[in-house]
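Below you'll find the structure, written out as structure tokens, and then a few comments.
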């Protein structure tokens, strides 16, 4: 264990290297993630709920008669999906967390909402021209390694019907203007990562090409596990170029998924991409 700790702290991992630990499907951590999703006043695993309501109101403006089939990628516990269903969308939600999908299904059943939730890695979707709108919200796109971004975009392009739109948000470089490389050690009796006492060594690392790592090494009495959380800061030109490579013909940029105007100092950027 000590060798693992020393090697991890001594070496800077290559960009987008994973540790093969699916933290989003760990029984305990996924419940912590679910609790964060459901926290109404905080930007945690999801945006705060007031922001989500504004986003749903804006997305609803794209609905058209008989063009309301929506695919919500990374749907989590279905917060957006449930509200979008209320707006008249026929929603399919996909997420790779069993806890979130289980909660979403139970919530939909209790509230008598007709939403199709799937436990699935959205990189494996294989629909053909079945949806009018696809959403990928809360900057999940930059989590993917560069080679997987275009794979996903090509799949999303195929998912959409002619005239369909893809709505996605990402972080910009402004979001990381205060980012500092550092290492912080903390002890918890129990917390987000484990139900028993643990030490968390968090390391923030900045890379070339606007890639960023938040690394968490969780040490308990009998175990040491490392979680690499990656993201990327996009420029407008880079984001537009990627969307055009996937075949999208018309791209509009906004500051976030509420439709406010994009500015150079915006921390996030939302692209509405149309398939002609």
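The values are calculated or read from the model by the stated rules, or taken from the named source; none is laboratory data. Please read these numbers as outputs of a predicted model, since none were measured by experiment. For neighbour counting, all protein chains shown are included, and Cβ atoms are generated from backbone atoms with ideal geometry for every residue, glycine included.
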Matching residues, segment 256-271, being within 18 Å of residue 233 (Cα to Cα) and within 17 Å of the chain's Cα centre (by Cα): 256, 257, 267, 268, 269, 270, 271
Where in segment 1-63 are there helices (runs of 4 or more DSSP H), lying fully within it, with 3 or more residues that are in the same structural domain as residue 148 (by TED's automatic domain parsing) and in contact with a helix residue (DSSP H, G or I) (Cβ under 8 Å, 6 or more places away or on another chain)? 49-60
Among the residues of segment 25-41, are any surrounded by 16 or more Cβ atoms within 10 Å (Cβ to Cβ), touching a strand residue (DSSP E or B) at 6+ places or on another chain (Cβ under 9 Å) and within 22 Å of residue 147 (Cβ to Cβ)? no
Segment 111-135 residues that are outside the structural domain of residue 84 (by TED's automatic domain parsing), paired with ones that are not in a loop (DSSP other than H, G, I, E, B) (beta carbon under 8 Å, 6 or more apart): none
Condition first: surrounded by 13 or more Cβ atoms within 10 Å (Cβ to Cβ) and either on the phi > 0 side of the Ramachandran plot or modelled with pLDDT under 95 (or both). Can you find one or more residues in segment 193-201 that meet it? no
What pairs come out if I take residues in segment 65-79 that are assigned by TED's automatic domain parsing to the domain that holds residue 143 and pair them with residues that are surrounded by fewer than 19 Cβ atoms within 10 Å (Cβ to Cβ) and part of a strand (DSSP E or B) whose C-beta lies under 9 Å away, six or more apart or interchain? 67/161; 67/163; 68/90; 69/90; 69/161; 70/90; 75/118
Going by the conditions given, is residue 75 modelled with pLDDT of 95 or more, farther than 21 Å from residue 268 by Cβ and not in a strand (DSSP E or B)? no
Which condition number in (1) in the same structural domain as residue 125 (by TED's automatic domain parsing); (2) free of Cβ contacts under 8 Å to residues at least 40 places away in the same chain; (3) surrounded by 15 or more Cβ atoms within 10 Å (Cβ to Cβ) is the one that residue 159 fails? (2)
Failed condition for residue 101, given (1) closer than 23 Å to residue 42 by Cα; (2) assigned to a helix (DSSP H, G or I); (3) in contact with a helix residue (DSSP H, G or I) (Cβ under 7 Å, 6 or more places away or on another chain): (3)
Conditions first: (1) without any contact (Cβ under 8 Å) to a residue 40 or more places away in the chain; (2) part of a loop (DSSP other than H, G, I, E, B). Residue 147 passes all but one, so which condition is the exception? (2)
Residue under question is residue 168, and the condition is that it be modelled with pLDDT of 95 or more and over 23 Å from residue 266 (Cα atoms); does it hold? no
Given (1) surrounded by 15 or more Cβ atoms within 10 Å (Cβ to Cβ); (2) under 21 Å from residue 138 (Cβ atoms); (3) touching a helix residue (DSSP H, G or I) at 6+ places or on another chain (Cβ under 6 Å); (4) in the same structural domain as residue 168 (by TED's automatic domain parsing), identify the lone condition not met by residue 269. (3)
Taking the condition assigned to a loop (DSSP other than H, G, I, E, B) and within 22 Å of residue 47 (Cβ to Cβ), does residue 257 pass? yes
Give just the number: which of (1) free of Cβ contacts under 8 Å to residues at least 40 places away in the same chain; (2) assigned to a helix (DSSP H, G or I) does residue 92 not satisfy? (2)
Exactly one condition in (1) in contact (Cβ under 8 Å) with a residue 24 or more places away in the chain; (2) farther than 30 Å from residue 27 by Cα; (3) out of contact with any helix residue (DSSP H, G or I) (no Cβ under 6 Å at 6 or more places or on another chain) is not met by residue 204; state its number. (2)
